[in-house]
Amino acid sequence: MKGLEEILVSADTKIIETMKNIDQTGNQIALVVDNHLRLLGTVTDGDIRRGILNGFDLEEPIINIMNGKPIVIKQGISKQEIRRLFQRKQLRQIPVVDNENRVTDIIFSDALLDNSTLDNWVVLMAGGLGTRLRPLTDTIPKPMLAVGTKPIIQTILESFVELGFHQFYFSVNYKKELIKEHFGNGVKWGVSINYIDEVQRLGTAGALSLLRSKPTQPLIVMNGDILTKVNFHQLLDFHETNNAAATMCVIEYNYQVPYGVVRTDGITLCSIEEKPIEKYFVNAGIYVLNPEILDLIPEGVFYDMPTLFAELVEKNLKTLVFPIREYWMDIGRINDFERANNEFSEVFK
């Protein structure tokens, strides 16, 4: 049981405390047990994000959002059977229980399968003009602006490299020679970097039509001006576990109405809510697309991601959202750039 205790939580543990537990242990799972260590359910990062989307308060008990029917392994099962189970179910961890359903261990796929590298392509959109950041972008493309000690897009690249991604595509246009000169073919980072040269601006989805070949696995597409601590393993797990065709990352945006909002029924006043806070989920500029989605993107015309996702919804393809609960900053304006520089050393230690 050594090392197992840190991922065990009780049914009345708050969602926010379980979330912290998952983040701190790095195991991407918590096991909900009773006083006799009998397994009640499991909680993954994906369960928490779905709970957030469904409006659960983070102060509620974890039992409200846990998976009450998790896949488990009984003691004594062979490694070969366990390996087949991991591959068939596409899981990263499975609890081990005895005949009384008491937790005795947990097995991680990394211990049985070679997951040191990920073959999913990563496409970074780095061709924008950065007009809202002028005069900073008069001589340098926005993704090459230094936040902290390095260009924004280098921080993005290195966050993927740390997680085992090695196949990158940079979509470039404005002052692209500065990006190519800095990154080359990626050998400095031990990865492969290819370039998508936009002769004309094609938008965040349209540039994908210039890919010379099609990936065999879901690809991640991300704007090259975003700083985030999102765990891209968890993003891919969420996409694949839910059998999505496309997934859009979203961030919660709060807006406080500066006036008292009057609720009415016809001409009858029902209530007055003083300066309410409105909550919305907004596009975070990070996407996962299945390979076949690329066939829907027209060639040679401007076509952005919101348009693509609207088409996917219209075609009734499974299109999901992944709520970001980690640090996220879109470097779109001067004050965003200044804030990111102030926060960089603390967030990206």
Which one of these is part of a helix (DSSP H, G or I), under 22 Å from the mean Cα position of the chain (by Cα) and under 20 Å from residue 219 (Cβ atoms): 156, 179? 156
Look at residue 42 and say whether it is within 24 Å of residue 247 (Cβ to Cβ), modelled with pLDDT of 90 or more, in contact with a strand residue (DSSP E or B) (Cβ under 9 Å, 6 or more places away or on another chain) and β-branched (Val, Ile, Thr). yes
All positions within region 201-215 that are at pLDDT below 90 and either part of a strand (DSSP E or B) or touching a Pro at 6+ places or on another chain (Cβ under 9 Å) (or both): 204, 214
What's the number of the only condition in (1) at pLDDT below 85; (2) assigned to a helix (DSSP H, G or I); (3) within 20 Å of the chain's Cα centre (by Cα) that residue 49 fails to meet? (1)
How many residues does region 53-85 contain that are at pLDDT below 90 and part of a helix (DSSP H, G or I)? 8
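I'm trying to understand the selection: among the residues of region 296-344, which are of a type in the set (S, T, N, Q) and more than 11 Å from residue 246 (Cβ to Cβ)? Lay out the reasoning, then the answer.
Our first condition is that a residue be of a type in the set (S, T, N, Q); within region 296-344, this holds for 307, 316, 319, 335, 341-342.
Passing the criteria: 307, 316, 335, 341, 342.
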So the strands (runs of 3 or more DSSP E) completely within region 264-349 holding 3 or more residues that are touching a Leu at 6+ places or on another chain (Cβ under 7 Å) are 319-323
Go over the candidates 215, 276 one by one and state the one that is surrounded by 10 or more Cβ atoms within 10 Å (Cβ to Cβ) and either farther than 27 Å from residue 55 by Cα or outside the structural domain of residue 142 (by TED's automatic domain parsing) (or both). 215
Identity of the residue in region 114-131, modelled with pLDDT of 80 or more and outside any loop (DSSP other than H, G, I, E, B), that ends up nearest to residue 304 (Cα to Cα): 125
Answer yes if at least one residue in region 287-309 is within 20 Å of the chain's Cα centre (by Cα) and either free of Cβ contacts under 8 Å to residues at least 24 places away in the same chain or exposed (fewer than 10 other Cβ atoms within 10 Å of the Cβ) (or both), and no otherwise. yes
Determine if region 228-237 includes at least one residue that is in the same structural domain as residue 289 (by TED's automatic domain parsing), in contact with a helix residue (DSSP H, G or I) (Cβ under 9 Å, 6 or more places away or on another chain) and in a strand (DSSP E or B). yes
Enumeration of residues in region 24-46 that are surrounded by 15 or more Cβ atoms within 10 Å (Cβ to Cβ) and either of a type in the set (Ser, Thr, Tyr) or part of a helix (DSSP H, G or I) (or both): 42, 44, 45, 46
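The values are calculated or read from the model by the stated rules, or taken from the named source; none is laboratory data. This structure is a prediction, so every number in the text was calculated from the model and none was measured. Positions of Cβ are generated from backbone atoms using ideal geometry, with glycine treated the same way; all protein chains shown enter the neighbour counts.
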